[in-house]
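Asker: Just passing along the structure, written as structure tokens.
The values are calculated or read from the model by the stated rules, or taken from the named source; none is laboratory data. Keep in mind it's a predicted model, so treat the numbers as computed, not measured. Here the Cβ positions follow ideal geometry from the backbone for every residue, glycine too, while neighbour counts run over all protein chains shown. Ligands, DNA and RNA are excluded from the accessible area calculation, which covers all protein heavy atoms including side chains. Shrake-Rupley method; radii C 1.70, N 1.55, O 1.52, S 1.80 Å.
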Amino acid sequence: MSARGGYTLAAMEHAPDSGPETASQAGLPELSVVVPTFNERDNVTVLYRRLEATLAGIRWEVVFVDDNSPDGTWEVVRGLARKDPRVRCLRRIGRRGLSGACIEGILASSAPYAAVIDADLQHDESQLPKMVALLRSGEAELVVGSRYIEGGSADSFNRQRAGASALATEIARRVLKVEIADPMSGFFMIRRDRFEQLAPQLSTQGFKILLDIVATAQGKLRTIEIPYTFGARQHGESKLDSMVALDFVGLVLAKLTHDVVSLRFLLFAMVGSIGLVVHLVALFIAHEVFNAPFAEAQAIGALVAMTSNFILNNFLTYRDQRLKGFAILRGLLLFYLVCSVGLFANVGVAFSVFEQEPIWWLAGLAGALMGVVWNYAMSGLFVWRKR
Ligand code: GDD
Ligand code: MN
């Protein structure tokens, strides 16, 4: 139902995604600007002032989504919010992640349009009114700030970042059939009702929220790109490290396989195979170099392998939920426990397969698969459990 003209509140209840005309009549914001922040204390006030200046003719609000920044960004945002009701602060505790923060920020708003912009002033907020105009006119459902079309640029990138960005864009285009020029952009505006339809399929892990949106929509989102210049960071530092490459691979895999293959499981299995090599090396050193009896050398090998698996998983597989401080010790002990039970499961399954069908490699493979699935499931439940 379309809700143009003078509708009462009762009528609006049946049209939750009514157009901007209704929203402005009720004094509600037309645009919600979502700003993910992590350690951006010195940038948020400047961004707020710039939004205020550039969005003068528009009803807007800004939602800062802060992952409990150690520098107290959320405190600064609260200060702004106390003076201006258009400012809101969503402080998330025990969670990290750019994509997840953007998703929650957009879903926290009820404005018809939502924009995502970085806090560090690298994106060009003066493009926002143009983006609103394109959504208002119905020409687009998604407007992307693009560095890679005529008039845009990413000169502030160093060689390495520029190369990585170009490679990821090319992969997205070929593998996920994403047609836009800059799917890696973190600067865009979307109709909230369209976003809400896609939201359940989006990945909360990782950095590439726009790529996820575009890939998930499978060409069904009317999209326009407008050029902008990716500026230099004002204060603080980038949170992107070389590990974003992993997030990217994970997203591509998930989209390709409709969420059947998870990067986490692949990483866990990969760490497991590295553990096998570690085990054999430790066994060799203990048994051959230090002349330990076989049983003891084997136990040492297992202990060394479990420890190195734990460390690798903590840094790689579960880096977004990395255990720190005292929790590391507790996690390690739990991991030993999980893996020991996993070993029983492994041997048990291998034996019963071997009894049925005495093919050593088949039985071994079945046992190993049982072991890794068990270890993965239990580690997720007990060692790196979501808080
Ligand atoms: N809430 C939250 N949680 N915010 C985060 C997190 C997090 O874990 N990590 C980063 N942010 C916030 C930063 O505070 C900043 O406002 C914004 O997300 C972008 O992070 P940067 O660390 O500045 O990333 P970048 O400049 O290297 O890359 C950005 O721009 C690229 C080009 O548009 C990102 O937006 C990339 O995704 C994008 O490709
Ligand atoms: Mn940045």
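Asker: From the list Gly301, Gly250, pick out the single residue that is over 30 Å from Asp118 (Cβ atoms) and touching a helix residue (DSSP H, G or I) at 6+ places or on another chain (Cβ under 8 Å).
Answerer: Details: Gly250 fails: over 30 Å from Asp118 (Cβ atoms).
After applying the criteria, what remains is Gly301.
Asker: I've got another one for you. Does segment 205-229 hold any residues that are within 16 Å of ligand 2 (Cβ to nearest atom) and either over 30 Å from Gly94 (Cβ atoms) or not in a loop (DSSP other than H, G, I, E, B) (or both), and which are they? Write out each step before concluding.
Answerer: Going through segment 205-229, the residues within 16 Å of ligand 2 (Cβ to nearest atom) turn out to be 206-210, 228-229.
If the condition is that a residue be within 16 Å of ligand 2 (Cβ to nearest atom) and either over 30 Å from Gly94 (Cβ atoms) or not in a loop (DSSP other than H, G, I, E, B) (or both), then Ile209, Leu210, Tyr228, Thr229 are the ones that fit.
Asker: If you don't mind, there's one more thing I want to ask. Suppose the filter is part of a loop (DSSP other than H, G, I, E, B) and under 25 Å from Leu221 (Cα atoms); does Glu170 pass it?
Answerer: no
Asker: Tally the residues that are open to solvent by 30 Å² or more (accessible area, probe 1.4 Å), within 16 Å of ligand 1 (Cβ to nearest atom) and not charged (D, E, K, R), restricting the search to segment 123-146.
Answerer: Total meeting the criteria: 1.
Each row is one residue, and each column tells you yes or no for (1) within 14 Å of ligand 1 (Cβ to nearest atom); (2) among the polar types (S, T, N, Q); (3) surrounded by fewer than 19 Cβ atoms within 10 Å (Cβ to Cβ).
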site: Leu31; (1), (2), (3): no, no, no
site: Phe38; (1), (2), (3): yes, no, no
site: Glu52; (1), (2), (3): no, no, yes
site: Val87; (1), (2), (3): no, no, no
site: Gly100; (1), (2), (3): yes, no, no
site: Ala119; (1), (2), (3): yes, no, no
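Asker: Sticking with this one: Going by the conditions given, is Glu104 within 16 Å of ligand 2 (Cβ to nearest atom), under 25 Å from Thr73 (Cα atoms) and either buried (at least 17 other Cβ atoms within 10 Å of the Cβ) or not assigned by TED's automatic domain parsing to the domain that holds Pro36 (or both)?
Answerer: no
Asker: Can you confirm whether Arg92 is open to solvent by less than 20 Å² (accessible area, probe 1.4 Å), more than 23 Å from Ser146 (Cα to Cα), within 16 Å of ligand 1 (Cβ to nearest atom) and among the basic types (Lys, Arg)? Let's see the steps before the verdict.
Answerer: Numbers: open to solvent by less than 20 Å² (accessible area, probe 1.4 Å): yes; more than 23 Å from Ser146 (Cα to Cα): yes; within 16 Å of ligand 1 (Cβ to nearest atom): yes; among the basic types (Lys, Arg): yes.
Spelling it out, Arg92 is indeed open to solvent by less than 20 Å² (accessible area, probe 1.4 Å), more than 23 Å from Ser146 (Cα to Cα), within 16 Å of ligand 1 (Cβ to nearest atom) and among the basic types (Lys, Arg).
Asker: Which numbered condition trips up Lys324, out of (1) within 23 Å of Gly206 (Cβ to Cβ); (2) in a helix (DSSP H, G or I)?
Answerer: Answer for Lys324: the failing condition is (2).
Asker: Quick check on segment 180-191. Is at least one of its residues in a loop (DSSP other than H, G, I, E, B), open to solvent by less than 40 Å² (accessible area, probe 1.4 Å) and β-branched (Val, Ile, Thr)?
Answerer: yes
Asker: Is it true that some residue in segment 260-276 is outside any loop (DSSP other than H, G, I, E, B), within 16 Å of ligand 2 (Cβ to nearest atom) and at pLDDT below 90?
Answerer: No, segment 260-276 has no match at all.
Asker: Further, regarding this structure: Those residues that are within 14 Å of Ala115 (Cα to Cα) and either more than 10 Å from ligand 1 (Cβ to nearest atom) or free of Cβ contacts under 8 Å to residues at least 24 places away in the same chain (or both), I need them from segment 152-196; list them, please.
Answerer: Met189, Ile190, Arg191, Arg192, Asp193, Arg194, Phe195, Glu196
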